[in-house]
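First comes the structure, then the notes that go with it.
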Amino acid sequence: MSEILEAAPAFDVAAGVPAQAEHVLPSVRAVTAEMVQLRRHLHAHPELAYEEHATSELVASRLAEWGYEEKGFKTAYLLVDDTLEFTKQSAYGFKTRWEELGGKLLGEDTFKQEDQSVASQINKIKSLSEEPEAVYLTSYMPGQASVIKQMRAAGLNMPILSEEDVDGDYWKEAVPNVSDVYYATYASIYGDDPDEQINEMVERFEAKEGKLPETSAFLTGYALVQAVAKAVEGTGGSTDGTELQEQLETFEEEPLLLTTSFDDKYHITLNRELRIMQIQDGKTSFVETWTPKVTPIPPGA
């Protein structure tokens, strides 16, 4: 996270991190590695982070709507890595919204992150009487790249819709010249984002580090510091957890680097605008922004 903070645009630092919160930043830098592990743990145990389920449904519903309404897909197949609750909830979000829109699901299957082969799942798709116009693949790296590679090697060349784990270039050597993959994420790291603040931050990061950020998730670190800083400012300088929570839960479309809302249950904006990205011939580019009309939430969540 230290490189994120140091690469942040000067105007954002001035606007987003008030003096009352400056003492927080050294502590954040000191626990970067721990925070990375915590983030992964929160995705595996969503009850620890307000209601993490909503994150996966948010992305999935966007892809379902965009695929159905913009690309004109009417049939799809659901391929789910059910290792994590996050991916299972993503599958729920896609399936629910897809069928609400009138899309037809030709089938669904599961696999585990540690599976070396998904040959049986691929054979099920190939044996369908009708080839799906798209496959929604919910997983994470490295298993996600392995599945994409196996699908393409088996001749399954239909578009793949997926989540932000396919963002960035770090995994593409495993699937050379990968094409027809579409995903939703926070922003584009490729210099073509519609928000010039994002493009400027990416440029500063690349100038300092000599490479692009691995994914657009690096932006969430800066937005998080902005959010905490604003909450600290709202408490009059207190960093008490309960007081910070009360302040965060007042956020409604807060204009941070990433627009942010909180309430006593959901810690994200359910109608947040994301970027639809495409990968063609191994190169990723921005397609358009998309805001969902509906974000399905599982019963009891």
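Rule-based calculations on the coordinates, nothing more; no lab input. What you see is a predicted model; the values in this text were computed from it and never measured. A quick note on method: Cβ atoms are made from the backbone with ideal geometry, for glycine too, and the neighbour counts reach across all protein chains shown.
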The exposure ranking of Asp167, Asp281, fewest beta-carbon neighbours within 10 Å first, is Asp281, Asp167
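Let me make sure I get this right: for region 205-280, a, b and c are the square roots of the gyration tensor eigenvalues over alpha carbons, sorted descending. Under 1.5 in a/c it's rounded, otherwise prolate if a/b > b/c, else oblate. Which is it? List each step's numbers first, then the result.
Numbers: a/c = 3.28, a/b = 1.61, b/c = 2.04.
The shape class here is oblate.
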Amide H contacts under 5 Å for Lys104, restricted to residues at least 5 apart in sequence or on another chain and with H modeled in the peptide plane, are Thr75, Ala76
Rg (one decimal) and Dmax (whole number) from the Cα set of region 123-264, in Å, equal 19.9, 64
Within the under-14-Å Cβ sphere about Lys71, not counting Lys71, Lys/Arg +1 and Asp/Glu -1 give a net charge of -4
On the formula 1/(1 + (r/R0)^6), with r taken between the Cβ atoms of Thr289 and Glu233 and R0 of 35 Å, the FRET efficiency rounded to 0.05 is 0.75
The exposure ranking of Asp81, Asp195, fewest beta-carbon neighbours within 10 Å first, is Asp195, Asp81
Taking only Cα atoms of region 124-176, the Rg to Rh ratio with Kirkwood Rh works out at 0.97
Under the 7 Å Cα-to-Cβ spin-label approximation, Glu69 and Glu273 lie apart by a distance in nanometres of 1.4
Assertion target for Lys88, Lys208, ordered by fewest C-beta neighbours within 10 angstrom first, is Lys208, Lys88
Rounded to the nearest 0.05, FRET efficiency between Asp281 and Asp115 (Cβ-Cβ, R0 30 Å) equals 0.60
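Mind checking the full-extension length gain between Gln197 and Ser129? Use 0.36 nm per residue of separation minus the Cα-Cα distance, one decimal, nm. Let's see the in-between values first.
Numbers: separation 68, 0.36 × 68 = 24.48 nm, distance 4.81 nm.
Full extension from Gln197 to Ser129 adds 19.7 nm.
Is region 51-164 rounded, prolate or oblate when judged by the Cα gyration tensor, a ≥ b ≥ c being the square roots of its eigenvalues, rounded requiring a/c under 1.5 and prolate requiring a/b larger than b/c? It would help to have the intermediate numbers written out before the result.
Working: a/c = 1.82, a/b = 1.10, b/c = 1.66.
Oblate.
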Within the under-10-Å Cβ sphere about Asn177, not counting Asn177, Lys/Arg +1 and Asp/Glu -1 give a net charge of +2
With Gly143 itself left out, Lys, Arg at +1 and Asp, Glu at -1 over residues whose Cβ is under 10 Å from its Cβ give -3
